[in-house]
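Working notes for the structure below.
The values are calculated or read from the model by the stated rules, or taken from the named source; none is laboratory data. Everything numeric here is computed off the predicted structure, so don't read it as measured data. In this analysis, Cβ positions are derived from the backbone assuming ideal geometry, glycine residues included, and neighbour counts consider all displayed protein chains.
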């Protein structure tokens, strides 16, 4: 099926500019039909899908503290660090820097929010205020 091949193509070319005509060409159908069929199959527009994959890849790369956030932005296909920050915040509710600091060894990411894992195995949410300060609850 074209969808499996297309998903693999998107993953392999995530850092690059992925246009609707290019993706439709890869799928072997017209751009109009491609957009309609892709949304029907995935529930997302091609653009929404590509952005969500880029954010997910950025989340994975943020675990490696050697890479700068600017380098991660470019490695995942965002135009700049500020573009990554804007989209990442919109999708996750926190900036990449807050995500990186929250989600080390003592934290997990669960349904769009950071949770801290206590030594005794209890889990409590970490709230991130508008000033980006973290407080345990």
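Pick out the one residue from 94, 98 that is surrounded by 14 or more Cβ atoms within 10 Å (Cβ to Cβ), touching a helix residue (DSSP H, G or I) at 6+ places or on another chain (Cβ under 8 Å), closer than 25 Å to residue 50 by Cα and modelled with pLDDT of 50 or more.
On the way: 98 fails: touching a helix residue (DSSP H, G or I) at 6+ places or on another chain (Cβ under 8 Å).
Residue meeting the stated conditions: 94.
In the range 62-73, what residues are surrounded by fewer than 17 Cβ atoms within 10 Å (Cβ to Cβ) and part of a helix (DSSP H, G or I)?
Scanning the range 62-73 gives 70, 71.
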Which numbered condition in (1) touching a residue at least 12 places away in the same chain (Cβ under 8 Å); (2) in a helix (DSSP H, G or I); (3) loosely packed, with under 14 Cβ neighbours inside 10 Å is the only one that residue 16 fails?
(2)
Counting only residues in the range 19-36 that are surrounded by 15 or more Cβ atoms within 10 Å (Cβ to Cβ) and touching a residue at least 12 places away in the same chain (Cβ under 8 Å), the one farthest from residue 87 (Cα to Cα) is identified as 29
In this structure, does residue 59 turn out to be surrounded by 14 or more Cβ atoms within 10 Å (Cβ to Cβ) and in a helix (DSSP H, G or I)?
yes
Being part of a helix (DSSP H, G or I) and either at pLDDT 95 or above or surrounded by 19 or more Cβ atoms within 10 Å (Cβ to Cβ) (or both) is the filter here; which residues of the range 41-56 pass it?
46, 47, 48, 49, 50, 51, 52, 53, 54, 55, 56
